[in-house]
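Since every read-out is calculated from the coordinates, none of them should be taken as a lab result. Predicted model only: the values in this text are computed from it and were never measured. Heads up, the Cβs are rebuilt from the backbone with ideal geometry, glycines too, and the neighbour counts pull from every protein chain shown.
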Amino acid sequence: MKKSLRFSAAIALAATATLTLASCGFGGDAGGDDAASGKTTLDLLVPSYSDNTQGLWEDVIDGFEAANPDITVNLEVQSWDNLDSVITTKISGGEAPDIFNGGPFAGYVADDLLYPAADVVSPDTLSDFQDSFLANAEVDGTAYALPLIASARALFVNNALLEQAGVAEAPTTWDELLDAATKVSALGNGIAGYGMPLGSEEAQAEAAVWLWGGGGTFGDADAITIDDPSNLPGAEQIKKMIDAGATQADPGSTDRSPLMDIFIQGKIGMQVGLPPTVGQIAEGNPDLDYSIVPIPTKDGSAFTLGVMDQLMAFKNDEDKQDAITKFFDYYYSADVYVPWVQTEGFLPVTKSGAEALSGEEALKPFLDVLPGAQFYPSTNTQWAAADGAFKSLFGQIQTKPAQDVLTEIQAQVDAG
């Protein structure tokens, strides 16, 4: 078993709460140029990644406005639970933010709502993005969003619980994972072998871990394929884990964030986590004896779920384009961007950011698995529907046949 990891104080700042930071709302004039003041006003809508998010953006805005006194930025922070409904309401009401931090964006491109990325950043900023991340923001060969942060998944292992259960090494295959998790669950006292969050918070992520780990796919830019036969082995393995008692009780309705809190308190043997999980452990239970290892797959081959969130600019007012460009160039400068991404505990998407954080021990396990990352088909206009279908339906796999659940999700996607 690998030794416990110790991490820097900077990463410890990334302790993530429940992602429910209240909205602070847009303030002031939501229009373009303010004729009275001669200022341009930009509205910025972002989700909360942690308790640090609002303060981080406020610091960025303070620095930007000091350097650009003719531009005002109004910040609105929403929880991830509310973000989709908020942006949908704003767009339908003709009040789209000028800058938006979100996930799926292909539908906005189809409706001609976004600037191409090259139109709202300087050539130097554009060339600093990692090529693979920028390519993941393309629709028909043109990038319409700017990579913001990247994240990879890895397996967090409670070394002490596995040792108590007689498990000598962290698992690398599904068979090993099932065996190890079953033994840990047998310890009793409310301990679960594997934390499996299939609730609505992020069901699509846990589904991807298993379906893709068995050779499956959600599709690509051209087609969403949830009911593809290649997804069935992973779905059936999920049921096998649940039926064997290898997971916590009622995984179908368990959300990731509260479940990870239980892992942090030492009551779960293994659970897939994110880079910010490191900070949560450092704050919540710094004495936890744990390791971070690659996610087990059907055959032990390398795999991780990569997630990349984006910044995008809505074409609300062409007079704002220059102000948007100035904001993006300022934000992605290394001395501004690196502290932001470091404090949130994610992986940088810029070359300069990766170089600056290359020595961070906490990021190494995730950077090591990133080359094998697979991403959601977020440039498919149906991905938003697929994402919602997973969140509302996938937890039923606890009680329904696996194929039935995949078929129902596909039907919801096809229905739009």
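Net charge dipole, the chain: roughly 1560 debye, given to the nearest 20, about the Cα centre with Cβ charges of +1 for Lys and Arg and -1 for Asp and Glu.
Considering only Gly188, Gly353, Gly213, the mean-square fluctuation computed in a Gaussian network model of the chain, springs between alpha carbons under 10 angstrom, is largest for Gly188. State whether segment 64-132 is rounded, prolate or oblate according to the following rule on the C-alpha gyration tensor (a ≥ b ≥ c being the square roots of its eigenvalues): a/c under 1.5 gives rounded; otherwise a/b larger than b/c gives prolate, and the remaining case gives oblate. Oblate, because a/c is 1.5 or more while a/b does not exceed b/c.
Below 8 Å, C-alpha to C-alpha, sequence gap of six or more: please give me the relative contact order for the chain in percent.
27
Since only Gly141, Ala165, Ile264 are under comparison, the one whose Cα sits farthest along the positive direction of the charge dipole of the chain, derived from C-beta charges on Lys, Arg, Asp and Glu, is Ala165.
In terms of the Cα gyration tensor, with a ≥ b ≥ c the square roots of its eigenvalues, is segment 136-262 rounded because a/c is under 1.5, prolate because a/b exceeds b/c, or oblate?
On the way: a/c = 2.22, a/b = 1.85, b/c = 1.20.
Prolate.
Report the residue, chosen from Asp84, Asp222, Asp128, that carries the largest GNM mean-square fluctuation when the chain is represented by alpha-carbon nodes joined by springs under 10 Å. Judging by the Gaussian network model, the answer is Asp222.
Each of the peptides 156-169, 85-98, 269-282 was scored by the mean count of other Cβ atoms within 10 Å over its residues; in descending order, highest first, they stand as 269-282, 156-169, 85-98. With the highest mean first, a sort of the peptides 194-207, 249-262, 141-154 on other beta-carbon atoms found within 10 angstrom per residue produces 194-207, 141-154, 249-262. Enter the Cα centre distance for the pair segment 338-412 and segment 200-240, rounded to the nearest angstrom. If you average the Cα positions of each part, the centres end up 12 Å apart.
Just one of (1) 23.1; (2) 22.1; (3) 21.3 is Kirkwood radius over Cα pairs in Å as worked out from the coordinates here. Which one is it? The value computed from this structure is option (2). Only DSSP H runs of four or more residues enter the estimate; each adds -39500 (n - 2.57), and after division by the residues of the chain the mean residue ellipticity at 222 nm equals -11500 deg cm²/dmol.
With contacts taken as Cα pairs under 8 Å at a separation of at least 6 residues, segment 105-226 carries a relative contact order of 12 percent.
Converting phi to 3J(HN,Hα) with the Karplus coefficients 6.51, -1.76 and 1.60 and the offset θ = phi - 60°, segment 309-326 yields 8, 10, 9, 9, 10, 7, 7, 7, 7, 4, 5, 8, 4, 5, 5, 4, 4, 4 Hz in sequence order, with x at every glycine or proline.
Sequentially through segment 350-367, phi angles give Karplus couplings (6.51, -1.76, 1.60; θ = phi - 60°) of 9, 5, 5, x, 4, 5, 5, 9, 4, x, 6, 4, 5, 7, 4, x, 7, 5 Hz, Gly and Pro residues having no value and appearing as x.
Taking Lys326 as the anchor, which lysines have their alpha carbon closer than 20 Å to its alpha carbon, excluding any fewer than eight residues away along the same chain? The qualifying lysines are Lys39, Lys315, Lys351. Angle of helix 174-185 to the longest C-alpha principal axis of the chain, folded into 0 to 90 degrees and rounded to 10: 80°.
Quick one: grab the alpha carbon gyration tensor of segment 265-416, order the square roots of its eigenvalues as a ≥ b ≥ c, and give me rounded if a/c is under 1.5, else prolate or oblate depending on whether a/b is larger than b/c.
Here segment 265-416 falls in the oblate category.
Each residue of segment 195-211 was assigned a 3J(HN,Hα) from its phi angle through the Karplus curve 6.51 cos²θ - 1.76 cosθ + 1.60 (θ = phi - 60°); the sequence is x, 10, x, 10, x, 6, 4, 7, 4, 5, 6, 5, 4, 4, 3, 8, 5 Hz, with glycine and proline shown as x. For the peptides 63-71, 325-333, 225-233, residues were scored by their other Cβ atoms within 10 Å and the scores averaged per peptide; the highest-first order is 325-333, 225-233, 63-71.
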